[in-house]
Amino acid sequence: MRKAAAFASCLLFLASLALNACGRKEAPGGEEKRLTVVTTLFPLYDFARNVGGRKADVSLLLPPGVEPHSFEPKPGNLLRLQKADIFVYTGDFMEPWATVLIEGVQRPDLIVVDSSRGVALRSRLQAEGPLGGGKAPGGGGPGTPIDPHIWLDLANAKIIVENILAAFVKKDPAGRAFYEKNAESYKSRLSELDERFRKGLASCRTRLFVHGGHYAFNYLAARYGLTYISVYGPTPDREPSPRHLAEIVQEMKRRNIKYIFYEELLRPRMAQTIAQETGARLLPLNGGHNVTKEELERGVSFISILERDLDNLKVGLQCR
C-alpha cells in the first residue's frame, strides 16, 4: 500500500499529461465510440464484458495468474485509469489497493463502481462449520474481517451486474436499451446456473466440504446449505496453526470425508498434506478471482468456472 501511494503521488503530473494526450476521441471513420472499462478481478471483467458487448472495451487490471490478495499496483495501473471511462472494483474489503489508485486519478468524469453496493456482506463468523464455531483460522470478535468474495453467491452476482449496468447507462445514456438487454440476458444465465447448483447439491452424502485454500467459499456454502471448512484464513498469506490442521484431519476422519478441494493459482501444498493424513482425494475448486493467461486467451468465462466447480462439488460431496 505504501508503494502504491508513492507511485500515485509521483505520477499525478505524468497522468495529467496522459489524460490530455489520450483523452476520449471519436473513433476513426466516424465509427461508434466504445467505452473504456477497467476492472480489478476476473468476475467483474466477465460481467462487464457481457453488459457492454460491442459498445465497450473491457480490460482486467490484475495480471493473469496473479493472486489478488498479494497484488501490488504499479505506475502503469494508474495511467490506465486515467484513460478509462469506468473503473469497477469489488470493494474496499477485497481490494484495499484500489483506493490508492482511485485517489491518484485526476479525471473527474471517471465513473468508479464499488460493485458491492447493495450486497449483504457476511463476516467469517457467519459461516456455519464444526470447527471453532464456524470460524476460519484466526478467530473472531470485534473487527472480524468481512468476507469480500461476494460474487460466489449468484444472487450477489446479479446485484454486481446491476451496479455495472448503472455505470454504463450513466456514461452512455443513448445505449441504455442495449446495455439493459445484455444485462437481463446475462442475469437469466446466472439464474439458470443458480438453479443447477440448487438441484445438483440437493441430495448429497455429506454437506461438508473441506477446502485446502483460503476462506473464499463462505457465500457459496451459505446459499446452498453447505458446511465449509478452510485451511487458511481470508487470505492465503498466513500459515494455519498445527492445531487447526489437526482439527481438520480429525473432522474428516470422523465424518469419513473422501475428498479435499484445493485452490486455483496456488500450489496445493496444504491440501496434499491433509490428503496424505486422511486418504482423501484432491479436487480443484476455483473461486474465480483470476484466471491464467492461457484461460484468458481461451475465453474462459465466470459461468464456465462455476460449472466446473459444481461438477467437482457433486463428486466431492458424493451427490446423487
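Derivation of every value follows stated rules applied to the coordinates shown; laboratory data play no part. Note that the structure is a prediction, hence the values are computed from the model and not measured. Note: ideal-geometry Cβ built from the backbone for every residue, glycine included; neighbour counts use all protein chains shown.
Calculate the spin-label point distance for Val112 paired with Arg238, positioning each point 7 Å from the Cα along the beta-carbon direction, and give it in nanometres.
Each label point is offset 7 Å from its Cα along the Cβ direction, giving 2.7 nm.
By the scheme Lys and Arg +1, Asp and Glu -1, what is the net charge of all other residues having a beta-carbon under 11 Å from that of Gly299?
Overall, the nearby charge balance is -2.
What's the exposure ranking of Glu263, Glu180, going from fewest to most Cβ atoms within 10 Å?
Values: Glu263 25, Glu180 14.
Taking fewest neighbouring Cβ atoms as first place, the list is Glu180, Glu263.
Residues of the range 163-201 with backbone nitrogen within less than 20 Å of a virtual label 7 Å along the Cα-to-Cβ line of Arg54, please, listed as ranges.
Flagged as within label range: 168-169, 172-186.
Between Leu282 and Lys33, how many nm apart are label points set 7 Å from Cα along the C-beta direction?
It works out to 5.1 nm between the two label points.
Would you grab the residues whose amide H sits under 5 Å from the one on Leu61? Only those 5+ places off in sequence or on another chain, please, with H modelled 1.01 Å from N.
Hits under the 5 Å cutoff: Thr39, Thr40.
Given the options Ile303, Gln272, Asn290, identify the residue whose Cα lies farthest towards the positive end of the charge dipole of the range 201-316 (+1 on Cβ of Lys, Arg; -1 on Cβ of Asp, Glu).
Gln272
Might you report the magnitude of the Cβ-based charge dipole of the range 201-316 about its Cα centre, with Lys and Arg at +1 and Asp and Glu at -1, to the nearest 20 debye?
For this selection, approximately 520 debye.
Which order do Leu306, Leu266 fall in if you start with the one that has the fewest other Cβ atoms within 10 Å?
Ordered by Cβ neighbours within 10 Å, fewest first: Leu266, Leu306.
Taking every eigenvalue of the Cα gyration tensor of the range 201-316, multiplying by 5 and rooting it, what semi-axes result, largest first, whole Å?
Ellipsoid half-lengths, sorted descending, are 23, 17, 13 Å.
What is the fewest-to-most order of Ile305, Ile260, Ile160, Ile102 by other Cβ atoms lying within 10 Å of their Cβ?
Ile102, Ile305, Ile160, Ile260
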